[in-house]
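**Q** Here it is, the structure in full.
Only the coordinates and a few stated rules stand behind these numbers; no lab work does. Here the structure is a predicted model, which is why all the values come from computation and not from measurement. FYI the Cβ positions are ideal-geometry reconstructions off the backbone, even for glycines, and counts take in every protein chain you see.
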Amino acid sequence: MRAMVIEEFGSADRLRFVELPCPTPAPGEVLIELRYAGVNPVDWQIREGHLKELFPHQFPLIPGWDAAGVVAACGAGVRHLKVGEAVYAYCRKSLVKWGTYAEYVTVDAAAVAPMPANLSFAQAAVIPLAGLTAYQSLFDFARLTAGQSILIHAGAGGVGSMAIQFARHIGATVITTASARNHDYVRGLGAQQAIDYTAGDFVAAVKQQMPGGVDVVFDAIGGVTQRQSYEVLKPGGTLVSIVEPPSQQVMLQYNFHAGYVFVSPNGRQLHEITRLIEAGAVKAPRIKEMHLKDAAKAQELSRDGHVGGKLVLRILDEKRG
Ligand SMILES: NC(=O)c1ccc[n+]([C@@H]2O[C@H](COP(=O)([O-])OP(=O)(O)OC[C@H]3O[C@@H](n4cnc5c(N)ncnc54)[C@H](OP(=O)(O)O)[C@@H]3O)[C@@H](O)[C@H]2O)c1
């Protein structure tokens, strides 16, 4: 199969287009023939070696954790998926080596779900990692419920695009931060209030809308943004970060519930996301399609931090055109 690989950690120009043997599915795994691979910030973070202490890795290393494609083979014991079925998955594994910037990937069948029938492969490929991150942060950690209010930082980003929609779907009031050029986009996803974080202090803008504070803050930025976010939380409110663990000291001082979520593969939750999309409750983020061979360019764009929606790589294959 053909794939993009790195042979060592470093800059985007280390990505090489190569031929590698196709992996075979172990018991409990499926082999996915990829149509599209979603691009996530973690892809360039891995390429630059930022996660090397967190995950064992091996070169040549194929980046990419998001996949949409067709089941090409099932390992022993896989019963709920069939060859030829259109699926998507968050394909993180214990060893970082066989990613989704490739024609094929093997993945634990428990992480795989049928793709939403009303999405293209390109749209589906950007959902698993971002969708599961938003789902696990809002529902598993923050226990967001109808009638609550939530401030979602970086609403125009991949995770933010899903978080806004999940929060609105369950009946929460959503305020989000995004630069002005993305305000129509985030409002189209359901945000009731969009704050231009480049134009001034988001704290003052949130307090103007919600003088008593919000019930939940979803932090996709970290640093100063995370620290300032405590000022807009109601007493006893919840801050969930996907970037860095919140200060334990502040949590105790103000009686906040706060924590860091690192997304886990979860086929059952992905199935639920499929259901929400097919029911029309949630739609795919805006996508910009690029070619697998442009993976370096895509990762540079992602690294700049201002992709509105998601980048997705089309996996080449002459057989399919
Ligand atoms: N812990 C986990 O499991 C997990 C999972 C997924 C992602 N993450 C991390 O979460 C972060 C977000 O991920 P993502 O995939 O959503 O990223 P992304 O799609 O690359 O986010 C880009 C968006 O961030 C917005 N943005 C940049 N700076 C901002 C600021 N100061 N305030 C508000 N918005 C700002 C940009 O908006 P404008 O263009 O309008 O400026 C752009 O729309 C990344 O650091 C990623 O590594 C963690």
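**Q** Put +1 on the Cβ of each Lys and Arg and -1 on the Cβ of each Asp and Glu in region 130-260; which of 185, 130, 259 then has its Cα farthest toward the positive end of the dipole?
**A** Working it through, the farthest residue towards the positive pole turns out to be 185.
**Q** May I ask for the net charge around residue 246, where only other residues with Cβ less than 10 Å from the Cβ of residue 246 are counted and Lys, Arg are +1 while Asp, Glu are -1?
**A** Net charge around residue 246: -1.
**Q** Looking at the chain, what % of the alpha carbon pairs are farther apart than 25 Å?
**A** 49
**Q** Across the Cα atoms of region 130-260, what radius of gyration and what greatest pairwise Cα-Cα distance (Dmax) are found, in Å?
**A** Every Cα atom of region 130-260 included, Rg and Dmax give 13.0, 38 Å.
**Q** Given springs between every Cα pair under 10 Å in a Gaussian network model of the chain, which of 50, 257, 291 has the largest fluctuation?
**A** Of 50, 257, 291, the most mobile in the Gaussian network model is 50.
**Q** Also, quick follow-up: Pop out the ³J(HN,Hα) list for region 103-111 in order, Karplus 6.51 cos²θ - 1.76 cosθ + 1.60 with θ = phi - 60°, rounded to Hz; leave Gly and Pro as x.
**A** 6, 9, 9, 9, 8, 3, 4, 5, 9
**Q** What whole-number volume per residue, in cubic angstrom, does the convex hull of the C-alpha atoms of region 198-240 give?
**A** Given the Cα convex hull of region 198-240, per-residue volume reads 68 Å³.
**Q** Then there is this: Suppose every K and R has +1 on its Cβ and every D and E has -1 on its Cβ; what is the size of the dipole of region 130-260 about the Cα centre, in Debye to the nearest 20?
**A** It comes to approximately 180 debye.
**Q** For region 186-194, just list the computed ³J(HN,Hα) in residue order, Karplus coefficients 6.51, -1.76 and 1.60, θ = phi - 60°, integers in Hz, with x standing in for Gly and Pro.
**A** Rounded to whole hertz, the list is 5, 5, x, 7, x, 5, 7, 9, 10.
**Q** Further, regarding this structure: Per residue of region 242-248, what does 6.51 cos²θ - 1.76 cosθ + 1.60 with θ = phi - 60° give for ³J(HN,Hα)? Whole Hz please, x for Gly and Pro, Karplus curve as stated.
**A** With the stated coefficients, region 242-248 comes to 10, 10, 8, x, x, 5, 5 Hz.
**Q** Please go through region 133-175 and write out the chymotrypsin sites (Phe, Trp or Tyr not before Pro) that DSSP classes as loop and that have at most 14 other C-beta atoms within 10 Å.
**A** none
**Q** Please compute the net charge surrounding residue 54, taking Lys and Arg as +1 and Asp and Glu as -1 over other residues with Cβ under 15 Å from its Cβ.
**A** Residues near residue 54 contribute +1 overall.
**Q** Within the chain, what's the longest stretch lacking trypsin sites (Lys or Arg not before Pro) that sit in DSSP loops with no more than 14 other Cβ atoms inside 10 Å?
**A** No qualifying site falls inside 144-318, the longest such stretch.
**Q** Would you mind telling me the antiparallel percentage of the DSSP bridges in the chain, rounded to 5?
**A** On the way: 29 of 54 bridges.
Here the antiparallel bridges make up roughly 55 percent for the chain.
**Q** Count charges around residue 135 for me, please; just the other residues with Cβ under 14 Å from its Cβ, Lys/Arg as +1, Asp/Glu as -1.
**A** Details: positive: 143, 168, 268, 275; negative: 140, 272.
Net charge in that neighbourhood comes out at +2.
**Q** List the residues whose amide H sits under 5 Å from the amide H of residue 98, counting only those 5 or more places along or on another chain, with H placed 1.01 Å from N in the peptide plane.
**A** 62
**Q** Grab the DSSP H runs of the chain that are 4 residues or longer, score each as -39,500 (n - 2.57), total them, divide by all residues and round the 222 nm result to the nearest 500 deg cm²/dmol.
**A** Estimated from H runs of four or more residues: -7000 deg cm²/dmol.
**Q** If you take the beta carbon distance between residue 300 and residue 19 as r and set R0 to 30 Å, what does 1/(1 + (r/R0)^6) give as a FRET efficiency, to the nearest 0.05?
**A** With a Förster radius of 30 Å, E is 0.75.
**Q** For the chain, find the longest principal axis of its Cα atoms and tell me its angle to the long axis of helix 295-304, 0 to 90°, nearest 10.
**A** Helix 295-304 sits at roughly 10 degrees to that axis.
**Q** Taking springs between alpha-carbon atoms closer than 10 angstrom, which of 276, 252, 138 fluctuates most in the Gaussian network model of the chain?
**A** 252
**Q** Something else: Could you tell me, in Å, what Rg and Dmax come out for the Cα atoms of region 232-302?
**A** Looking at region 232-302, its Cα Rg and Dmax stand at 18.2, 50 Å.
**Q** Still on this model: Most mobile of 204, 73, 163 per a Gaussian network model of the chain (Cα springs, under 10 Å)?
**A** Of 204, 73, 163, the most mobile in the Gaussian network model is 204.
**Q** Let me ask something else about it. At most 14 other Cβ atoms within 10 Å and a DSSP loop assignment: could you name the GluC sites (Glu not before Pro) in region 1-45 that fit?
**A** Of the GluC sites (Glu not before Pro), the ones in loops of region 1-45 whose Cβ has at most 14 other Cβ atoms within 10 Å are 7, 8.
**Q** Then there's this: For region 235-283 and region 194-215, what is the separation of their C-alpha centers, rounded to whole Å?
**A** 20
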